[in-house]
Each structure stands twice: as C-alpha cells, then as structure tokens.
Amino acid sequence: MRDKYDFTAIESKWQKIWEEENAFATSDEQDKEKYYVLEMFPYPSGKLHMGHVRNYSIGDVIARFKKMSGYNVLHPMGWDSFGLPAENAAIKNGIHPFSWTNDNMNDMREQLKSLGFSYDWDREVATCKPDYYRWMQWIFIQFYKKGLAYKKNNPVNWCPDCQTVLANEQVVDGCCERCHTPVTKKHLSQWYLKITDYADKLLANLEELPGWPDKVKAMQKNWIGRSEGAEVTFKIDGFDKDLVVYTTRPDTLFGVTYMVMSPEHPYVKELTEGTEYEAAVNKYVEESAHKSELERTSLTKEKTGEFIGYYAINPVNGKKVPIYISDYVMMDYGTGAIMAVPAHDQRDFEFAKKFGLDIIPVVDVPDVDLDNLTEAAAAEGTMINSEEYNGMNNKEAIKKITADLESKGLGHGTVNYKLRDWLISRQRYWGTPIPMIYCEKCGWVPEDEANLPVLLPTDVEFTGKGESPLTTSKTFRKCTCPKCGGAAEREIDTMDTFLDSSWYFLRYCDAHNEEMPFDPAKVNYWMNVDQYIGGVEHAILHLMYARFFQMVLHDLGLCDAEEPFKNLLTQGMVIKGYYDKDDNYIKAKMSKSLGNVVAPSEIQAKYGSDTARLFILFAAPPEKELDWSDEGVEGSYRFLNRVYRLVYEYINDIRGEQSEFPEPKAENETDKSLNYMINATIKKVTEDAGGRFNFNTAIASIMEFVNEIYKYKQNAEINLPLFNKAIETLLVVLNPFTPHITEEMWSQLGHEDRLYDHAWPAYDNKALVKDEVEVIVQINGKLKDKMKLPNNSNKEVTEETARGLEKVIEAIGDKTVVKVIVVPNKIINFVVK
RNA sequence: GCCGGUGUGGCGGAAUUGGCAGACGCGCGGGAUUCAAAAUCCCGUGAUGGCAACAUCGUGUGGGUUCGAGCCCCACCACCGGUACCA
C-alpha cells in the first residue's frame, strides 16, 4: 500500500475489476425483493457536465446502498440519442448524424465508467438504433389502432429557426424551448397523440403519487388545467346558427353586455362576407394571424377588437348584445367564443371600458362599490339584477342556473382542460420514422408490423432548409400500400424525441427482446421504477408524456402498472458564482456563455472521481441547488486523504501482522464511546442515505466518525478488535459514496470479498444506550445549566438533582416554582414567578 | 394575478416528533511541526458588553399559542421557480 493517496491508480484499477467481475449485472431471477433505481438518460451531446454528475451520483449511492442492503437492483443507463444537435452537426460538418451520435455515446460511456457508476451496461439502450425504434414504431401503431393517433390540419407552433413544428409543451414564453426563437403559427397537417383522452386520469392519479414532490404535481395539475363550467347557447339575431360559449361563471349570465369570438372562429367569415364590416374585420383577422404567440399573449397590451355587425340574444332575458371579435379570445380553448361580463371579469372590464360598453353588476361583492367599479369584482357575493336568482349566494346560483339551462335545452355543465393533444410530427431527419403510409385509395395505413422497423434511409441530404429531409431520399418515400398493394407514399416526418423517452424505462426491463418491445412478465417484476431521479425541467414534458404512455400501455394489456415512477427526486441545478462586467458577484447556473462552467474531467484529473462524487453529494441536499465551490472540493479531497492516512497508519503502525479479530468488547469509557459512534454512524447513514436521501448529513456523520477515530487513536491503550471494527465500519458505510478508495483499502485490509457485494451493516441498539445522559436544565424556558444523570432517571431524581445545582438555586432565589416540566433524558424546566 | 417553494453565522448548510440554535464542511484567527514553505496536527471562531466567570441579544418582519417556537397559527415582506388574456 502506498503512503500517498494515488486516486488515479486506485480508480482505474477498481473500474477494471468491476468490469471483469461483471459486478453490476442484474439478475432476472425473481428470488429477491427488487429495487429499480433510474436516472434520466442523457442526450449524447459528447460531454458530461456537472448536472449529469450530480444526477448520476445520487442514483449511484442509492443503487449501491440498496444492493448492499440485499435488494435485487436494476440500475441501467442508455441514450436519448435522436434529436436536433446531431442533425445540425451533419449540416455544419457533413458528418452523418449516426456516426456523430455514436462517437458521442462511446465517449460519454467512458466518462460514466470513469466516475465509477454501478450500471448494468448489458441493458444499455440507444433510442436511435433500429432495435429500439422498431418497437417505438410498433407502439405508435398500437396507439393508431386504438384511435389514439390521428392526423389533423391545424394551426401549429412553428419554429422558424429549427424549421420544425413544436408541441405546446415545447413553447416557452412564446419561444422555442431549444433555440429561443419566437414561435409563429402555421397551418399544417400533422400527427397528434390523443393525450386529452387521459386528462382526467393524468390529473386524478397525481393524488396517488405521494412520493412525488408537490411542486411537480402542482405544475402538472396546472398544465392539465381542469376547469368546471357550462356551455351556454346564444342565438344570433338574423343568423341561422347558434353561438355556443364556455363559461365558468353561469351565475353572471344576467350581466352579459356583449359577446366576443376569436378572430379564427369559423363564423366570422360567414357573418361578415359582403357586409360593411367585412373590410375592417378581415384586416383585424389578418393582423392577429401574423402576430407571434409572444405578441398576442403579452399582458401589458391594450385590448383590441372589431364589431362584426351582429347581435346575440341572451337566453335568460332575451336581451340583444353586440358581437365582437378580439384576439384576447383563443380559438383552441373552450368554444372559441365567450360571453362578456365586464362587471366580474377583468379582461372584459378592460375591453368594455375601451369600447364604451355597458357594465352591469350582477353579484354584490362585499366591500366593493358596484356603482363606481375601477376593476372587475371577481369575488363571491350575493346575486342581484338577476330576476328569480336575486338574493342567492352566487356559488349556489352557478348550480341552479346551470340546471335550469339544462332543463330548457339552452346549455349544460361541462369540463374543460387546458391540455391539448400532443403534436408529435417533426420535419426532421434524426428521429424515429412515423410508420404510416398514405395510399390514394385507402388513405392513411400503418406499415405492416412484420415489416418493422421502417429504417431511416442513409441517402439523405442535410441542408437545413425546406421540408423534412426524408423527401431528399430516392428510396424512402415510394412504397406499396400494405392494404391494397397499390403504389403509396410514406410519411416523411419523424417523431418528436419525447416519444422515445416515454417508455425507455420499460425497455430496460427486457432490453434485447426481438419478439416484442418487452416481456410483460419481466416488466411486471421490475416496474414501477422505485426511485426516479432527474432535473425539474422535465416536470411537465417528459414526466407527463411518460405517464401517458404507461397508462396507454397498461390499457393495451402490456403491463400492470398504471404509473411509471413511484418516487421522484428532482435534483437541483449546479450553480456557480461569477463576476459580471460591473464586478458584481452573481450566482447562476453553470453555462458556457457566463464562463462559470467547471468540467467534471478537470475535477477528476486533479482530485479523482471519488472526490468529485463526495463533494457533489456533500455540498447540499439533493433537491436544492448546489453552489459549486473550489474550496469545498479541496475539503472533500482533504477528507479522503484523512481517511486514507487513517487506514494506512492502522495497517502499518497499529495492526501489525494480525488480521483476524474476535468480536470486540467495549468495557471502559473510551471504548464504549467509540462503540457508540460505530453504531450511531451506521444508524445515521442508513437513515439518511437509504431512507430520506439526505446524503449531505450522512457524509457529515461519517466525517464526525472519522474525527472520533482520530481522537481514539491518541489513547495510550488501543482496543485492537474494536479499532479494527471502527475502521471496517467506516469503509463499508463510506463505500456507496466513494466506491474506489474504500474498495482499495478494504482489500488492503486483507479481505477477499468486495464491498459492492458486502452486506450493509446493522447497528446494535444496545450500544446506542448510554449509561449516562446529559439533561438540560431550564428556568422559564431559558438554558441555565446541564447535568449528567444515569440513563432513564425518573422525574423525582431529575428534579432533585436539578434543584441541587448552584445555578438553579441562585436563579430561583426567593421566587416560587409554579410548575416543573420534565422530559426524561432530555430536559427539565422550572417555571418560576 | 394564480400555484409551488425558500428565507438560519463571513459562506455552503445542520437541527428527523415543539425541547441545548449553528452539526459537518469552507473561510478566517492562533499555536505545534519545519531552516523555511507546502502538507499535516491541535485550539478558537453568531453578535454585543466584560480581564474573566458570565450576562444580554439572536433563525426575514409584526403579532399569537405554549412551561418552552427556527419548527405550530394569523398577518405581512423579500427572493426563487412554474404558469397565465384559459373565459
């Protein structure tokens, strides 16, 4: 054993041994309780960043801990390897996306191995490989057969820079999630998945996920956006079709003073064609069509609109109200038209003020001057100006009016969602081909399942312009119809890569199956994922799509579980301070443009992987953001050196030739206190690392333990068996965090077995019971003194001893003791007056 | 606006069930070792007053409950994240 901690040699030595021993291969033998720990698989960009290291270090500690605790652990890794960067690299450098991606996967696999993560590499999946996307296509076809995939011509979100459409979930602040270009609208015929069919279940099941952060559940709930209300039918005076509106406030029907249709509403053209209003309305429709999502939804914007020349008839009182169009009403929510109640809705209020429309209050809201409204009164109150409903509470009126409308056939209660169907077509090359074929005779037909996969062609030009790159292939597009055998054409769009990542966790359960996407028996053993770990940025997109897939696959009878992820841990970002141009110190997410990036490889080269892992786990609890500190890394490195020296000196200076020890006995005070620390540390690490995932405090307790061993070592007399036990315990409990150094020293101690396979130690409760405890003495809740008492001393003894303390006598003085509170072994409080 | 979260030393953070606030680490100060330095080891380190023993104050603000509150309740402030003309 070298006297210096040579992390480079130790780490490569053990990584090699683990590989040779196939240390982390998962058994499909269903003889033990299973534990499935999963980290979100990466996009193979080529370089691992600190966020990855954090994500995977957390997962690795859990995986190693569970394995040592006797579980059959599944801990896989793979690649979310379709996507734009590969295609952009192809456009820029002329490298084929596959070879670019494959090189990156190879590089990153080596980086992951160099960090000592305990993955079962036999189960590696890459979504860009035909053996994976074949089953992606198969699943798509099952969706199609179940009526859950359809093609529709619709205005869609279009990113002019990426030259592709985007799902609603990929539009962030009106801009492309990926390149931040403002998104525009375009009319295109595209494939959709009917996620809205599952809106209710996606929402309801959230209640059954206690292991998910409230934050993520709230975000999904918000995104699904369920609202209860009513659809109300208004007649249009002089027009033969009815105008149906959606409202959550049917109680305000008597306060309707005008109506608004979305500029895209299908009636608009019919109603205005050939009228004096046509020109102005067309101009308005034209203008709003050209506005970006960003401009149209901007809050500060003043209300705009046009009167279209028609009046609607209020079904409850026969009153005629003018109909406007305005872009504050969206075509894709509700019915695309609203009844406007300016007295009780802020948007309607602003519009009414601008256009000089009536404002009629119908709910008397306490503490609001209804004659001089300065803003809409949206709160609860009592019905007024509403004929037979006057005097009711407005909440009751909602129910009553809805029921009355229903009985008269003028409306009905209904539920609306903000969630839209998932647009999955992408005008890109590097994705799973949508396995659909268009035949003039038969329409859209899925590819024959026996012919899967529909392979991506290789004769494709990458120009970054125009429609889908697949059109440039000479071989791909033309095919025969699987139904009638006639000439037909393939779909040339590819799938959103979020489909690929919506079921990869199922493929890991049976990664090499060539007959089906996975064997249900294997999936039913491994699923759900017991612990899923990843960034919160996937709270809506990936985590909702994956839930949707799981539900559909469940309904298809392919797996029992309806929810994929039992417990979810969203790790915080890695941030680092930097100085901006005005020399202000700012903390921000590591990013190239800010120049505050620390590359994992730098840290590994300077301090080793164990130090990198230790620091990242120690610096903050996993769900909080982690403030990178170079000094902190030094500290972690110092600690590992301290451990190394401790064991080195033990082997060389203390232990001598002896390597076998009897069960230790702890008889004197110092031995007892070391024995206490041994067991207290096991308990603390078991609970913190294995239970509540507070790795920072688990590590802190191991540090305390090491400090304690150092102190013990200074004793004149060392109880060798006990000391040996302390050292061995230290190595075992530290192993999940820093596997290389501990494995090395374990073998230096002469052990033949491996720590990765070693049983997690149990603690001895008896050792945790102290003979003497320290009890806090308070007067009126303020700390006055402390005293040592035999363990479990009763109230009488505690009080008597405390009353004898000088400070207590002094503090009580001539005052009276009103009450004495004793919490045995903890505290005694005298209440004095 | 709505939803979720956070607020504790110079810094990252502990305090798990209402019971010693500040574990552990960083930084800083002092000492030992060294020709010297690095490394290492030891001691100290919330604020104020005091030579000291010690006293007083102290977990964003204001109030409350309690023998006792960082933790529970009420009202507010600040910051972070999500979301939004969603009718």
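Residues considered: A:Asn72, A:Asn88. Of these, the only one that is within 28 Å of the chain's Cα centre (by Cα), surrounded by 15 or more Cβ atoms within 10 Å (Cβ to Cβ) and farther than 25 Å from A:His538 by Cα is A:Asn72. All of (1) of a type in the set (D, E, K, R); (2) closer than 30 Å to A:Glu663 by Cβ; (3) assigned to a helix (DSSP H, G or I); (4) open to solvent by less than 70 Å² (accessible area, probe 1.4 Å) hold for A:Asp753 with one exception: (3). If you check A:Ala767 against the conditions, is it within 30 Å of A:Lys66 (Cβ to Cβ) and out of contact with any Ser or Thr (no Cβ under 9 Å at 6 or more places or on another chain)? When the stated conditions are applied, A:Ala767 passes them.
Does A:Asn584 qualify as being modelled with pLDDT of 95 or more, open to solvent by 10 Å² or more (accessible area, probe 1.4 Å) and either within 16 Å of RNA strand B (Cβ to nearest atom) or not aromatic (Phe, Trp, Tyr) (or both)? No, not satisfied.
Considering only residues in region A:678-704 that are more than 20 Å from A:Arg54 (Cα to Cα) and open to solvent by 30 Å² or more (accessible area, probe 1.4 Å), the one that is farthest from the chain's Cα centre (by Cα) turns out to be A:Glu704. Comparison of A:Tyr637, A:Tyr710, A:Tyr676 shows that the only residue that is more than 9 Å from RNA strand B (Cβ to nearest atom) and either part of a helix (DSSP H, G or I) or among the polar types (S, T, N, Q) (or both) is A:Tyr676. In this structure, is A:His290 within 44 Å of the chain's Cα centre (by Cα) and surrounded by fewer than 20 Cβ atoms within 10 Å (Cβ to Cβ)? For A:His290, the condition - within 44 Å of the chain's Cα centre (by Cα) and surrounded by fewer than 20 Cβ atoms within 10 Å (Cβ to Cβ) - is met.
Here is a yes/no grid of residues against (1) of a type in the set (Lys, Arg); (2) at negative phi; (3) in a loop (DSSP other than H, G, I, E, B):
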residue: A:Gln142; (1), (2), (3): no, yes, no
residue: A:Gly147; (1), (2), (3): no, no, yes
residue: A:Asp161; (1), (2), (3): no, yes, yes
residue: A:Lys185; (1), (2), (3): yes, yes, no
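All of A:Asp332, A:Asp345 fail the test of being within 14 Å of RNA strand B (Cβ to nearest atom), surrounded by 17 or more Cβ atoms within 10 Å (Cβ to Cβ) and modelled with pLDDT under 95, apart from A:Asp345. Can you tell which of A:Ser326, A:Ser227, A:Ser262, A:Ser288 is without any contact (Cβ under 8 Å) to a residue 60 or more places away in the chain, within 28 Å of A:Thr196 (Cα to Cα) and not hydrophobic (A, V, I, L, M, F, W, C)? The match here is A:Ser288. Residue check: is A:Glu207 under 21 Å from the mean Cα position of the chain (by Cα) and within 16 Å of RNA strand B (Cβ to nearest atom)? It is true that A:Glu207 is under 21 Å from the mean Cα position of the chain (by Cα) and within 16 Å of RNA strand B (Cβ to nearest atom).
None of A:Ala546, A:Ala539 is surrounded by 20 or more Cβ atoms within 10 Å (Cβ to Cβ) and within 16 Å of RNA strand B (Cβ to nearest atom) except A:Ala539.
Apart from one condition, A:Lys320 fits all of (1) surrounded by 14 or more Cβ atoms within 10 Å (Cβ to Cβ); (2) modelled with pLDDT of 95 or more; (3) more than 11 Å from RNA strand B (Cβ to nearest atom); the exception is (1). Taking residues in region A:689-707 that are within 9 Å of RNA strand B (Cβ to nearest atom), and partners anywhere that are charged (D, E, K, R) and open to solvent by less than 30 Å² (accessible area, probe 1.4 Å), the pairs with Cβ atoms closer than 6 Å and at least 6 places apart or on different chains are A:Asn694/A:Asp688; A:Thr697/A:Asp688; A:Ala698/A:Asp688.
At least 2 residues being touching a residue at least 40 places away in the same chain (Cβ under 8 Å), over 30 Å from A:Thr402 (Cβ atoms) and open to solvent by less than 40 Å² (accessible area, probe 1.4 Å) is the threshold, and among the strands (runs of 3 or more DSSP E) wholly inside region A:415-515 those reaching it are A:436-439, A:443-446. For the criterion of being of a type in the set (Ser, Thr, Tyr), out of contact with any helix residue (DSSP H, G or I) (no Cβ under 6 Å at 6 or more places or on another chain) and within 12 Å of RNA strand B (Cβ to nearest atom), A:Ser629 passes. Could you figure out which of (1) small (Gly, Ala, Ser); (2) more than 25 Å from the chain's Cα centre (by Cα); (3) within 16 Å of RNA strand B (Cβ to nearest atom) isn't true of A:Ser189? In the conditions (1) small (Gly, Ala, Ser); (2) more than 25 Å from the chain's Cα centre (by Cα); (3) within 16 Å of RNA strand B (Cβ to nearest atom), A:Ser189 misses (3) alone. The single condition from (1) surrounded by 19 or more Cβ atoms within 10 Å (Cβ to Cβ); (2) farther than 25 Å from A:Thr681 by Cβ; (3) not β-branched (Val, Ile, Thr) that A:Asn724 fails is (2). If we scan region A:401-408, do we find a residue that is over 20 Å from A:Thr257 (Cα atoms) and touching a residue at least 40 places away in the same chain (Cβ under 8 Å)? The answer is yes, given that some residue of region A:401-408 is over 20 Å from A:Thr257 (Cα atoms) and touching a residue at least 40 places away in the same chain (Cβ under 8 Å).
Every listed requirement among (1) surrounded by 14 or more Cβ atoms within 10 Å (Cβ to Cβ); (2) within 16 Å of RNA strand B (Cβ to nearest atom); (3) among the β-branched types (Val, Ile, Thr) is met by A:Thr374 save one, (1).
Looking across region A:781-807, the residues that are within 11 Å of RNA strand B (Cβ to nearest atom) and part of a helix (DSSP H, G or I) come down to A:Glu806, A:Lys807.
The values are calculated or read from the model by the stated rules, or taken from the named source; none is laboratory data. A quick note: this is a predicted structure, and the numbers were derived from the prediction, not measured. A quick note on method: Cβ atoms are made from the backbone with ideal geometry, for glycine too, and the neighbour counts reach across all protein chains shown. Please note that ligands, DNA and RNA were not included when accessible areas were found on the heavy atoms of the full protein model with its side chains. Shrake-Rupley method; radii C 1.70, N 1.55, O 1.52, S 1.80 Å.
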